[in-house]
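Accompanying notes for the structure given below.
The values are calculated or read from the model by the stated rules, or taken from the named source; none is laboratory data. Values in this document were obtained by computation on a predicted structure and should not be read as measured data. Methodologically, a virtual Cβ is constructed for each residue, glycine included, from the backbone with ideal geometry; neighbour enumeration extends over all protein chains shown.
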Amino acid sequence: MNVEIKTGIIFGGIIITGIVFVMIIFTGLDELTITNQELGIKKAPNLVGIAHYFNTTPEELAKKMENKVVLYDIWTYSCINCIRTLPFITSWDEKYSDQGLLIVGIHSPEFEFEKDPQNVKIAIEKYGITYPVVMDNDMKTWKAFENNYWPRKYIADHEGNLRYDHIGEGSYQETEKIIQQLLDERSTALDLENISENKLVSIEEFEHTLFRTPELYFGYKFAQNRNQLGSDEGFQPGRTVKYSEPNNIELNKFYLIGNWKNNEDSMELTETNGSIKVLFDAKEVNIVTENNAQLEIFLDGIPLTKEYAGLDINFENKMDVSNAGMYNIINSETSISHIMEIRIDGKGFQAFTFTFG
């Protein structure tokens, strides 16, 4: 093999490696599976520090977990990545609960309002969750699992050994096959009739765009080490700041207009009217908010049309927010790039984060 060919192969390999690295950077941790070999053999930790139980009691849950294959779903209700996994999880519960599968939702909150049992109850009812959900408000069970991500699914066999670990969305067929495998093992070990079938749940998955605006945090504590607020006034922890109309809008940054209080986890509008601007690149835009307000949405100065209207737009280009949680503003079949302006009518409105798909 001559020098030119060797050089070409080496150079090609470097390019491919670089492309893969860039893809990992831009896709982030939408999905990652930890294999059995990487997990090793270790027991699932106990559920500790639980503040509240839904669809069960502590005693009932402990009894239900005996000799069951247990899928632990670590989630929080304002996380869009978590929400996208729920149709699969609720379908697995419906399909396999009579065969020895127990799903336990571990609700570990990102924001303070997610610690309110009433808010979590509303979300559980909204998404049709009937399996047990426990509130891990102090993140003690999260820490017991040594977790750092939302969402994350762990599956333990009927003896309590962790056998599968998946971070983020995706790999639903792989996950379901693991459920089937562990249910088969359980049936054999307990001398039960094996009634599982190979057919898998069929639900359309959300397809992420490769290059999209990253999550943007409004709270100064959450935004540490991230240059996401484009307004010249910047973050000013604990202070109420009058933010002025920006001269220029940069991609992947948000801009405030009006009087906003800088909270640890949010920006809070301190007068009746204000607005937010962001130049984004994505096919889906969501916002996490708290407190009552009416939002009016514009793209490049033009009122939002039905073509791009999100699921929570309820009248022309307007959206009412009340319950603390996530709202879908933009929903497009393909990736789009626009300056979005949100004009807000509602003193006390709080914005926590933008998420994009």
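General remarks:
- Residue in the range 216-224 that is modelled with pLDDT of 95 or more and not in a loop (DSSP other than H, G, I, E, B) present: yes
- The one condition in (1) of a type in the set (F, W, Y); (2) surrounded by fewer than 20 Cβ atoms within 10 Å (Cβ to Cβ); (3) in contact (Cβ under 8 Å) with a residue 60 or more places away in the chain that Y127 fails to fulfil: (3)
- Residues (of a type outside the set (S, T, N, Q) and in contact with an Asp or Glu (Cβ under 6 Å, 6 or more places away or on another chain)) located in the range 315-329: K318, M319, A324, Y327
- Of note, D73 satisfies the criterion of being within 30 Å of N291 (Cβ to Cβ), among the acidic types (D, E) and either touching a residue at least 12 places away in the same chain (Cβ under 8 Å) or surrounded by fewer than 23 Cβ atoms within 10 Å (Cβ to Cβ) (or both).
- Filtered residues of the range 109-140 (kept if of a type in the set (G, A, S) and farther than 12 Å from S78 by Cβ): G128
- Filter pass, V241 being part of a loop (DSSP other than H, G, I, E, B), touching an Asp or Glu at 6+ places or on another chain (Cβ under 7 Å) and of a type in the set (A, V, I, L, M): no
A quick yes/no check of all residues on (1) out of contact with any Ser or Thr (no Cβ under 7 Å at 6 or more places or on another chain); (2) modelled with pLDDT under 95:
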| residue | (1), (2) |
| --- | --- |
| F21 | yes, yes |
| E31 | no, yes |
| Q37 | yes, yes |
| V48 | no, no |
| M65 | yes, no |
| T76 | no, no |
| T85 | yes, no |
